[in-house]
Amino acid sequence: MDVKSVGVIGAGQMGNGIAHVLALAEYDVLLNDVSQDALDGAMATIEGNLARQASRGKISDEDVQTALSRINTTLDLPELGQTDLVIEAATEREAIKQAIFEDLQPHLQPHTILTSNTSSISITRLASRTDRPERFMGFHFMNPVPVMQLVELIRGIATDEETFKSCKAVVDRLGKTAASAEDFPAFIVNRILMPMINEAVYTLYEGVGSVQSIDQSMRLGANHPMGPLELADFIGLDTCLAIMNVLHDGLADTKYRPCPLLTKYVEAGWLGRKTERGFYDYRGETPVPTR
C-alpha cells in the first residue's frame, strides 16, 4: 500500500518528533492529543526545530513552511481513522494503548495500518485486541526523532508481509534505517541499553562510583556520547523503570531486576530532565549530581 496520510497519536516528545519527520518527507500528518495545550506546544516545538534545521542549512525556509502546512491537529481521535497509517505514541502503559486502539477501531478504513511506537510492550498482545492483527506492527523511533537514524520495525506473530513492506517504505522515505526486530520484550535497542543503564544505577547504589565518576568513565572510557545516568535522565527514569519491569516480567530472569535506587527515584517523582531532577538536578544553570 502506498501510504499518503499518517495519523500520530500523542503530541509529546516522541509524537511531535514523528510528525516533524513525516511532514518533511511530504506525508500529510494529523496529530492527535487529549490536550489542546499539548497540541499547541507540539506545533511550537516542531516550528522551532524546523527553524533550527533551516538555520544550519539542512533544509530551506520554504521546506519549513511547507512541512508546517502538512501538519493538522485534532482533539478528536476518530478523525485519525481516515488516514492510511496510524502511529500511536502515547504514554508507555499498555492499558492506555489498548484503550486508544479500542476507541479508534470503529472509525478505521479497511486498509488502515495500525502501529505502536512502544519501546517494550508486546506487539502481538496489542495487535490481538484489534480487528486487524495482520495489519499491526511496532514502529519504534529513537529519541530525538529528527536526529536519530534508526527505526525498529517489529512484527507481531500475525503481521503480514505487505504491512511490513508498507512500513519499511515509510522508513526509507524518511531517510532513516530500519532494523527488523522480533517481538520479544524490549526488542533490540532497549534489550541491550536498559540493562546497561540499570547496571550503572546498581554501580551508584552499591557505592562503587558517584554519578559524576560513572558517567565520566563511560564517556571517556567507552567513548559513549552521554554517560548512562545522564542518558537515563534524558529518557525519563519512569520509562527506564517501566522497560526494566517489562524485561523482568517477560523473561523471568533476575539479571533484569530493576535496581531499588531506580525505583526510589521514580517514587520520589525525580524522573530526570522532564521534572528537573533525576540523577542530576537541572534547576540551576549547570546540572548538579544528586548523589
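The values are calculated or read from the model by the stated rules, or taken from the named source; none is laboratory data. Bear in mind that the values here come from a model prediction, so they are computed numbers and not experimental data. Neighbour counts are summed over all protein chains in view; Cβ atoms, including those assigned to glycine, are modelled from backbone coordinates with ideal geometry.
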- How many of the residues in region 102-137 are over 18 Å from residue 245 (Cβ atoms) and either acidic (Asp, Glu) or surrounded by 22 or more Cβ atoms within 10 Å (Cβ to Cβ) (or both)? 15
- Query: Out of all the residues in region 138-148, which are buried (at least 23 other Cβ atoms within 10 Å of the Cβ) and closer than 19 Å to residue 242 by Cβ?
  - Reply: 138, 139, 140, 141
- Query: Given the residues 130, 112, which is the only one that is in the same structural domain as residue 10 (by TED's automatic domain parsing), over 17 Å from the mean Cα position of the chain (by Cα) and closer than 19 Å to residue 165 by Cβ?
  - Reply: 112
- For region 64-72, indicate whether the set of residues that are surrounded by fewer than 22 Cβ atoms within 10 Å (Cβ to Cβ), under 24 Å from residue 132 (Cβ atoms) and among the β-branched types (Val, Ile, Thr) is non-empty. no
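Residues are listed down the side, and each one gets a yes or a no for (1) of a type in the set (D, E, K, R); (2) modelled with pLDDT of 95 or more; (3) farther than 26 Å from residue 274 by Cβ:
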residue: 5; (1), (2), (3): no, yes, yes
residue: 15; (1), (2), (3): no, yes, no
residue: 27; (1), (2), (3): no, yes, yes
residue: 55; (1), (2), (3): no, yes, no
residue: 70; (1), (2), (3): yes, yes, yes
- Message: Among the residues in region 191-211, are any surrounded by fewer than 21 Cβ atoms within 10 Å (Cβ to Cβ), assigned to a helix (DSSP H, G or I) and in contact with an Asp or Glu (Cβ under 9 Å, 6 or more places away or on another chain)?
- Response: no
- Task: Could you look through region 154-190, keep only residues that are surrounded by fewer than 18 Cβ atoms within 10 Å (Cβ to Cβ) and hydroxyl-bearing (Ser, Thr, Tyr), and pick out the one that is nearest to residue 135 (Cα to Cα)?
- Result: 180
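Residue-wise test of (1) in the same structural domain as residue 99 (by TED's automatic domain parsing); (2) in a helix (DSSP H, G or I); (3) under 27 Å from residue 110 (Cβ atoms).
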residue	(1), (2), (3)
22	yes, yes, yes
45	yes, yes, no
51	yes, yes, no
59	yes, no, no
- Query: If you take the residues of region 1-46 that are among the acidic types (Asp, Glu) and over 19 Å from the mean Cα position of the chain (by Cα), which of them is farthest from residue 170 (Cα to Cα)?
  - Reply: 37
- For the subset of region 47-63 comprising residues that are within 23 Å of the chain's Cα centre (by Cα) and free of Cβ contacts under 8 Å to residues at least 24 places away in the same chain, which member is nearest to residue 27 (Cα to Cα)? 47
- Item | region 153-198, subset acidic (Asp, Glu) and free of Cβ contacts under 8 Å to residues at least 12 places away in the same chain, residue nearest to residue 25 (Cα to Cα) | 172
- So residue 163, is it polar (S, T, N, Q), in a helix (DSSP H, G or I) and either modelled with pLDDT under 95 or touching a His at 6+ places or on another chain (Cβ under 6 Å) (or both): no
- Task: Answer yes or no as to whether residue 23 is modelled with pLDDT of 95 or more, of a type in the set (A, V, I, L, M, F, W, C) and buried (at least 17 other Cβ atoms within 10 Å of the Cβ).
- Result: yes
- Can you spot a residue in region 212-233 that is within 15 Å of residue 195 (Cα to Cα), in the same structural domain as residue 270 (by TED's automatic domain parsing), polar (S, T, N, Q) and surrounded by fewer than 24 Cβ atoms within 10 Å (Cβ to Cβ)? no
- Item | Hits in region 243-291 - residues which are of a type in the set (S, T, N, Q) and within 21 Å of residue 92 (Cβ to Cβ) | 245, 263, 275
- Would you call residue 79 in a helix (DSSP H, G or I), closer than 30 Å to residue 155 by Cα and in contact (Cβ under 8 Å) with a residue 24 or more places away in the chain? yes
- Message: Condition first: surrounded by fewer than 19 Cβ atoms within 10 Å (Cβ to Cβ), touching a strand residue (DSSP E or B) at 6+ places or on another chain (Cβ under 6 Å) and either of a type outside the set (Asp, Glu) or part of a helix (DSSP H, G or I) (or both). Can you find one or more residues in region 273-287 that meet it?
- Response: yes
